[in-house]
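Take a look at the structure set out below.
The values are calculated or read from the model by the stated rules, or taken from the named source; none is laboratory data. Predicted model, so just to flag it, every value in this text is computed and none were measured. Here the Cβ positions follow ideal geometry from the backbone for every residue, glycine too, while neighbour counts run over all protein chains shown. Please note that ligands, DNA and RNA were not included when accessible areas were found on the heavy atoms of the full protein model with its side chains. Shrake-Rupley method; radii C 1.70, N 1.55, O 1.52, S 1.80 Å.
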Amino acid sequence: MKNKEPVLFDKLHFPKDITQGAFILTAIGNSEIYIENYKGILEYSKNRIRIQGKNTYILIEGKNLTIDHYTEEDMLIKGHIFSIQYPS
């Protein structure tokens with residue numbers, strides 16, 4: 001018997017951040033990025049921050065990067081952001 005849970009979630013139109021554990025990113029220009037729905041911090045330096053999600057990670061590269069605020073639910077990264085990368 002196949003697991004029918006994903007079909008049920010699709011029919012109920014739940015947001016992907018809930019059903020797939022996807023990141024929610026809000027970029028404010030190239031100086032701030034607000035991240036929700038993350039699992040942990042894998043790498044942290046002034047030039048690179050790698051954030052773990054449920055099934056993947058994101059890599060933020062820039063200059064003078066700092067984690068200005070974080071809780072179990074969200075974080076705010078500040079600095080000069082050059083790129084936001086997802087693994088291929």
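Remarks
- Top-ranked residue of the stretch 27-41 - restricted to ones that are in a loop (DSSP other than H, G, I, E, B) and either over 12 Å from K54 (Cα atoms) or of a type in the set (S, T, Y) (or both), ranked as least open to solvent (accessible area, probe 1.4 Å): Y38
- Residues that are modelled with pLDDT of 95 or more, open to solvent by 50 Å² or more (accessible area, probe 1.4 Å) and part of a strand (DSSP E or B), drawn from the stretch 42-60: L42, E43, Y44, R48, R50
- Inspection of the stretch 31-39 identifies no residue that is more than 18 Å from P87 (Cα to Cα), among the polar types (S, T, N, Q) and at pLDDT below 85.
- Within the stretch 65-88, being of a type in the set (S, T, N, Q) and in contact with a Lys or Arg (Cβ under 7 Å, 6 or more places away or on another chain) holds for one residue alone: T66.
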